[in-house]
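I have placed the structure first, in the form of structure tokens, so that the comments after it can refer back to it.
Taken together, the values in this text are just the output of simple stated rules run on the coordinates, not laboratory data. It should be emphasised that the depicted structure is a prediction, and the values quoted were computed from it without experimental measurement. As a convention, Cβ positions derive from the backbone with ideal geometry for all residues, glycine included, and neighbour counts pool all protein chains shown.
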Amino acid sequence: MTAKVIDGKAFAARVRGEVATHVAAMKAGHGITPGLAVVLVGEDPASRVYVKNKHASTIEVGMNSFEHRLPAETSEADLLALVQRLNNDPAVHGILVQLPLPAHVNSDLIINAINPAKDVDGFHISNVGLLGTGQKAMVPCTPLGCLMMLRDHYGSLAGLNAVVVGRSNIVGKPMAQLLLNESCTVTIAHSRTKDLEAVCQRADILVAAVGRPEMITAAHVRAGATVIDVGINRIERGGKNILVGDVDYASAASVAGAITPVPGGVGPMTIACLLANTLTATARAHGLAEPKGLTA
Ligand code: GUN
């Protein structure tokens, strides 16, 4: 079987285009410009790249981008004070504090200090609870991106068997909740799961979010299944530094019905969904109709 390649790069460009159209209409019709504040503490090279890309994409769709770069030794109190300022700033509709934070800062404390209505990452405990109870929430960007691609591929997901490999708060758990809300039968597997291959073989939808390069192979994939690869791992191969997912692409693609590549799969959807969430947060803050197709 030749798997259909799910083109996340093209899909994300479409989502960003839709967001830009809504932003233009908001500006013209209501004089409102959505604003996203991104807070980066320290010099982690990967985080710096993410934040730079977020800034460029935010500007590109016509939103205001507010960047706050703070030194690694910034105190928890100073960071809390910045979050409070952003909470109270009417020009800021979305707040993202880039993770990981330095070890001396309590990440949970900072994330839970963000106004849940501005929590475009969907990490605040209120949003986690709202999602878990099927209520209107801000939904974490990467799982939202995966959901959009799955809805596009299947239409209805009801009754499908979904296996999520990985139980992180950022991807695995919210992904499982979203799939459950779509009436999938959901299994969460993880590093202690027994006979992972057999568990994964039950999946119509297999989401890999473990952070281990190429660990999911053809042996894990049922013929015709849809494989969503959330992993972004840098490895050395043939003397080169390359990006690979949590899925061994060539192996899995030989049995899957559809598969997301790395790069160019889930990755670009994350920033597109961050912009979609910022738009949604802005609409909610001003009592405007929520854009369709850009929320969970
Ligand atoms: N670090 C890696 N992924 C993410 C994310 O989705 N949000 C934030 N805030 N930090 C991250």
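Structure notes:
- Residue by residue, region 279-291 carries 3J(HN,Hα) couplings of 4, 4, 4, 5, 4, 5, 4, 9, x, 8, 4, 6, x Hz when phi is fed to the Karplus relation 6.51 cos²θ - 1.76 cosθ + 1.60 (θ = phi - 60°); x denotes Gly or Pro.
- Near the amide H of Ala37, within less than 5 Å, lie the amide hydrogens of Phe66, His93, Gly94, Ile95, Leu96, all on another chain or at least 5 residues away, with H placed in the peptide plane.
- Computed lengthening from Asn241 to Lys27, 0.36 nm per intervening residue step minus Cα-Cα distance: 72.7 nm
- Kirkwood-based shape ratio for region 91-192, expressed as Rg/Rh from alpha carbons: 1.00
- Cα-centred dipole magnitude for region 125-262, charges only on beta-carbon of K, R (+1) and D, E (-1), debye, nearest 20: 280 debye
- The phi torsions of region 91-104, fed into the Karplus equation with coefficients 6.51, -1.76 and 1.60 and a -60° offset, translate into couplings of 7, 9, 9, x, 10, 10, 9, 5, 9, x, 8, x, 4, 7 Hz, rounded to whole numbers, with Gly and Pro shown as x.
- For the chain, size of Cβ-based charge dipole, Lys and Arg +1, Asp and Glu -1, in debye: 420 debye
- Three-way shape call for region 172-283 based on the alpha-carbon gyration tensor, with the a/c threshold at 1.5: oblate
- Using θ = phi - 60° in the Karplus curve 6.51 cos²θ - 1.76 cosθ + 1.60, the 3J(HN,Hα) couplings for region 153-159 round to 6, 9, x, 7, 9, 4, x Hz; x is entered for Gly and Pro.
- Figure legend: label point modelled 7 angstrom from the Cα of Arg192 along Cα→Cβ; residues of region 138-168 with amide N under 16 Å from it are 166-168.
- For Val207, residues with placed amide H under 5 Å, excluding near neighbours: Val163, Val164, Val165, Ile228
- Isolated Cys residues of the chain, judged by Cβ distance under 4.7 Å to other cysteines: Cys146, Cys184, Cys200
- Label sites at Ala219 and Asn64, each approximated as a point 7 angstrom past Cα along Cα to Cβ, lie 5.5 nm apart.
- Computed from label points 7 Å out along Cα-Cβ, the spacing between Ala56 and Ser254 is 3.6 nm.
- Rounded to the nearest 10 degrees, the inclination of helix 76-88 to the longest alpha-carbon principal axis of the chain is 80 degrees.
- Cα-based equivalent ellipsoid, the chain: semi-axes from gyration tensor eigenvalues, Å: 32, 22, 18
- Debye intensity ratio in log₁₀ form over the Cα atoms of region 235-296, taken at each q of 0.14, 0.20, 0.26, 0.27 Å⁻¹: -0.61, -0.83, -1.06, -1.09
- Rounded to 5, percent antiparallel among DSSP beta bridges of the chain: 15 percent
- Note on Ser156 and Asp89: their simple-model spin labels are 4.6 nm apart, each label 7 Å out from Cα toward Cβ.
- GNM remark for the chain: springs join alpha carbons under 10 Å apart, and the peak mean-square fluctuation among Ala13, Ala28, Ala253 falls on Ala28.
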